[in-house]
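The values are calculated or read from the model by the stated rules, or taken from the named source; none is laboratory data. Please read all numbers here as calculations on a predicted model, not as lab measurements. Heads up, the Cβs are rebuilt from the backbone with ideal geometry, glycines too, and the neighbour counts pull from every protein chain shown.
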Amino acid sequence: MSGNRIDDIAIGLRTRITKTVSESDVYLFAGITGDLDPNHVDEEYCRKTSLGHRVAHGALIVGYTSAASTRILQDFDRPMVSVGYDRIRFLKPVYFGDTLTIEYEITGIERERERTVARIEVKNQRDELVALATHIMQLVD
């Protein structure tokens, strides 16, 4: 999609990406962020919890959604940056080996502020909704 004005972006524009959550994704993320909570890195600990197994960080899942926001406007002529996520909800645990599908849809345009508003849904391989969010992106010069 080419263009350089906010009016060149259509409400309803969508993209979808799929990503399998690997053990290395989780461990690299844990190392980068310093979030070594046992829920993410200690299988024995997790077996004794209602989770049953290690789970991916919620913030890692948000990172995957960022890839969708980059893809949706990759051919747009002006740069856009994320200015925030609203109402992020983690509805179900995401386990190592889960394959996630991220659906990203532009649902609104704030013309005066040159922003897009998007709905994000993340589902696992069983088509279960595991996360939701609203994402706001801003055009920059």
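Within the stretch 108-131, can you find the residues that are out of contact with any helix residue (DSSP H, G or I) (no Cβ under 9 Å at 6 or more places or on another chain) and surrounded by 15 or more Cβ atoms within 10 Å (Cβ to Cβ)?
Across the stretch 108-131, the qualifying residues are Val117, Arg119, Glu121, Lys123, Asn124.
For the subset of the stretch 111-125 comprising residues that are in contact with a Ser or Thr (Cβ under 9 Å, 6 or more places away or on another chain) and in contact (Cβ under 8 Å) with a residue 24 or more places away in the chain, which member is farthest from Cys46 (Cα to Cα)?
Filtering the stretch 111-125 down to residues in contact with a Ser or Thr (Cβ under 9 Å, 6 or more places away or on another chain) leaves 116-125.
Still in the running and in contact (Cβ under 8 Å) with a residue 24 or more places away in the chain: 116, 118, 120, 122, 124-125.
On the way: Thr116: 39, Ala118: 34, Ile120: 28, Val122: 23, Asn124: 20, Gln125: 22 Å.
For the stretch 111-125, the residue satisfying everything is Thr116.
Among the residues of the stretch 28-37, which ones are part of a loop (DSSP other than H, G, I, E, B) and on the phi < 0 side of the Ramachandran plot?
Going residue by residue through the stretch 28-37, those that are part of a loop (DSSP other than H, G, I, E, B) are 34-37.
Scanning the stretch 28-37 gives Asp35, Leu36, Asp37.
Any idea which residue in the stretch 1-27 is farthest from His53 (Cα to Cα), counting only those that are part of a loop (DSSP other than H, G, I, E, B) and within 17 Å of the chain's Cα centre (by Cα)?
Of the residues in the stretch 1-27, the ones part of a loop (DSSP other than H, G, I, E, B) are 1-5, 9-13, 21-22.
Among the residues that remain, those that are also within 17 Å of the chain's Cα centre (by Cα) are: 13, 21-22.
Details: Leu13: 36, Val21: 14, Ser22: 14 Å.
Applying the filter and picking the extreme gives Leu13.
Among the residues of the stretch 55-65, is there at least one that is more than 19 Å from Val21 (Cβ to Cβ), at pLDDT 95 or above and touching a helix residue (DSSP H, G or I) at 6+ places or on another chain (Cβ under 8 Å)? Spell out the reasoning first.
If we filter the stretch 55-65 for residues that are more than 19 Å from Val21 (Cβ to Cβ), which is where we start, we get none.
No, the stretch 55-65 has no match at all.
Filter the stretch 61-96 for residues that are of a type outside the set (Gly, Ala, Ser) and without any contact (Cβ under 8 Å) to a residue 40 or more places away in the chain; which is nearest to Asn39 (Cα to Cα)? Can you show your working first?
Start the filter on the stretch 61-96 by keeping residues that are of a type outside the set (Gly, Ala, Ser), which leaves 61-62, 64-65, 70-81, 83, 85-96.
Then drop every residue that is not without any contact (Cβ under 8 Å) to a residue 40 or more places away in the chain, which leaves 70, 74, 92.
Values: Thr70: 29, Gln74: 35, Lys92: 14 Å.
Ranking the qualifying residues of the stretch 61-96, first place goes to Lys92.
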